[in-house]
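Notes to accompany the following structure.
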Amino acid sequence: MSKPDRQKLSILAVLMGVLALTVVLGYRMNQPPTTAAVPPSVQKTSANPPAANDARIRLDLVESGGNDGNIGKRNLFQYQQAPPPPVSGSRRGGPPVTVPNTPAPTPIPLQTRPQGPPQPPPIGLKYQGFAATLAPNRGFTAFLSDDSRHYNVTVGEVLMGRFRIASITDTSVEVEDLQNNRRQTLPLLN
C-alpha cells in the first residue's frame, strides 16, 4: 500500500469512529428517560382531631367535595354546614344511640366603633423655629418643614394652596387646613 492509500484508510477509520459515536449518542438521546416509580404517599390520620374552632384548611374535605354537579360553584371561603346529627334511637335492631348535647360555641363579641366620618390625616408639617422681624406689625416668621422642603411663613400666608397660617407664637404655630376645614396646632420642636 502506498502512502496516499494509508492516509485515505486512516481518514476512513476516523470517519467511521465519528459515525459510530454519532449513532450511539443519537440513539441514547431519543430514548425516554427512565424514572423510578414512587409509591403515592399514604394519608395518615391525626391522633388528635381538630377542635371545633380550628381554622386550618382541611384538604381531605376540599378534595372529597362530592360529584353532584356543583363543581366550581361553591365558595371555598365559607364554612360548610355541619351534617345533621343522627337521630337518637335504635338502629335496625342495634343498641340505642344517644347523641350528647354539646353547648353551642359562644360568639366572640365584636368591638364596634361609633360610625362617623373618617378623621382627616394630620398635617404633615413640623414647626422647627421662628424669627422676630424688625418691621412693625410683622410679628414672627415661622420655619416649617415637611419631608422634602423647608418653608418660611408669616401669619395669613397660604402654604401649598392648602394650609393657612392662623397664628405664630414662640412655642407653637396654628395651621388651618383649607380642604378639611379644621385647625391643628404644631408645637415647636426642640
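The values are calculated or read from the model by the stated rules, or taken from the named source; none is laboratory data. Bear in mind that the values here come from a model prediction, so they are computed numbers and not experimental data. Because the Cβ atoms are built from the backbone with ideal geometry, glycine has one as well, and the counts that use them run over all protein chains shown.
Quick notes
- Which listed residue, of ALA142, ALA131, is surrounded by fewer than 13 Cβ atoms within 10 Å (Cβ to Cβ), outside any loop (DSSP other than H, G, I, E, B) and among the aliphatic types (A, V, I, L, M): ALA131
- Boolean, ARG6 is surrounded by 10 or more Cβ atoms within 10 Å (Cβ to Cβ), assigned to a helix (DSSP H, G or I) and modelled with pLDDT under 95: yes
- Some residue of the stretch 176-188 being touching a Lys or Arg at 6+ places or on another chain (Cβ under 6 Å), aliphatic (A, V, I, L, M) and at pLDDT 70 or above: yes
- Looking only at the stretch 131-175, and only at residues there that are of a type in the set (Lys, Arg) and modelled with pLDDT of 90 or more, the one that is farthest from GLN119 (Cα to Cα): ARG149
- Residues in the stretch 151-181 that are among the polar types (S, T, N, Q) and not in a loop (DSSP other than H, G, I, E, B): ASN152, SER167, SER172.
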